[in-house]
Amino acid sequence: MVRGIRGATTIATNTEQEISHASLELVRELINKNKIEPEQVAHVLFTVTSDVSAAFPAKVLREISGWSFVPVVCAQEIPVPGSLPLCIRVLMTVNTDESQENISHVYLKDAVKLRPDLALTKE
């Protein structure tokens, strides 16, 4: 079965170091909570708000052993007025036998505001 696993985080400032740190923290949480192996992953899509431009968040997956062949891409979110600023989102498309209700979505920092219902999924 193919499932989407969502996550998001925010940064305080638009710097390469902050983008990299926050993105790595987010993907590690997604990987650990869902016990994801790179071979299960079809692709990973990162999106950022227009105020996140100092680095590519997808680049952090190359720092994780075994993830160098997983296709990744970055894109910019639609600039909706009033949307959460300095936000990095990720969508992993994964082959898994887990049911939708057993998928653990990860929302960190201010991104918890985006989907408080999903932020409370199983630990």
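The values are calculated or read from the model by the stated rules, or taken from the named source; none is laboratory data. In this text the structure is predicted, and so the values were computed from the model without any measurement. Cβ atoms come from the backbone with ideal geometry, glycine included; neighbour counts cover every protein chain shown.
Filtering the stretch 10-43 to residues that are within 11 Å of the chain's Cα centre (by Cα) and within 11 Å of Val106 (Cα to Cα) leaves Glu25, Leu26, Val27, Arg28, Glu29, Leu30, Ile31. Under the condition of being touching a Lys or Arg at 6+ places or on another chain (Cβ under 8 Å), within 22 Å of Glu39 (Cα to Cα) and not in a helix (DSSP H, G or I), the residues counted in the stretch 96-120 number 6. Given the options Val52, Val60, Val106, name the one that is more than 12 Å from the chain's Cα centre (by Cα) and either β-branched (Val, Ile, Thr) or farther than 14 Å from Leu30 by Cα (or both). None of the other options fit; the residue is Val52.
Selection of first residues in the stretch 50-79 that are of a type in the set (Lys, Arg) and of second residues that are in a loop (DSSP other than H, G, I, E, B) and surrounded by fewer than 14 Cβ atoms within 10 Å (Cβ to Cβ), restricted to Cβ pairs under 7 Å at least 6 apart or on distinct chains, gives the following pairs, ordered by first then second residue: Arg62/Ser68. Taking first residues from the stretch 24-43 that are more than 11 Å from Leu61 (Cβ to Cβ) and partners that are part of a loop (DSSP other than H, G, I, E, B) and of a type in the set (Ser, Thr, Tyr), the Cβ contacts under 6 Å between residues at least 6 apart in sequence or on separate chains come to Lys33/Ser104; Asn34/Ser104. Being more than 11 Å from Gly7 (Cα to Cα), at pLDDT below 95 and not β-branched (Val, Ile, Thr) is the filter here; which residues of the stretch 103-123 pass it? Matches in the stretch 103-123: Lys113, Pro116, Asp117, Leu120, Lys122, Glu123. Counting only residues that are hydrophobic (A, V, I, L, M, F, W, C) and out of contact with any strand residue (DSSP E or B) (no Cβ under 9 Å at 6 or more places or on another chain), which one in the stretch 61-77 is nearest to Gln40 (Cα to Cα)? For the stretch 61-77, the residue satisfying everything is Phe69. Condition check for Val73 on (1) over 23 Å from His21 (Cβ atoms); (2) among the hydrophobic types (A, V, I, L, M, F, W, C); (3) out of contact with any Lys or Arg (no Cβ under 6 Å at 6 or more places or on another chain); (4) part of a strand (DSSP E or B): one failure, at (1). Of all residues in the stretch 80-101, those that are surrounded by fewer than 12 Cβ atoms within 10 Å (Cβ to Cβ) have Cβ atoms under 7 Å from Cβ atoms of residues that are outside any helix (DSSP H, G or I), 6 or more apart or on another chain, in Asp97/Met1; Gln100/Arg3. Against the test of being under 14 Å from the mean Cα position of the chain (by Cα) and either at positive phi or not basic (Lys, Arg) (or both), the options Gly7, Gly82 yield a single qualifying residue, Gly7. Among the residues of the stretch 9-63, those that are assigned to a helix (DSSP H, G or I), among the acidic types (Asp, Glu) and either at pLDDT below 95 or closer than 14 Å to Arg89 by Cα (or both) comprise Glu25, Glu29, Glu63.
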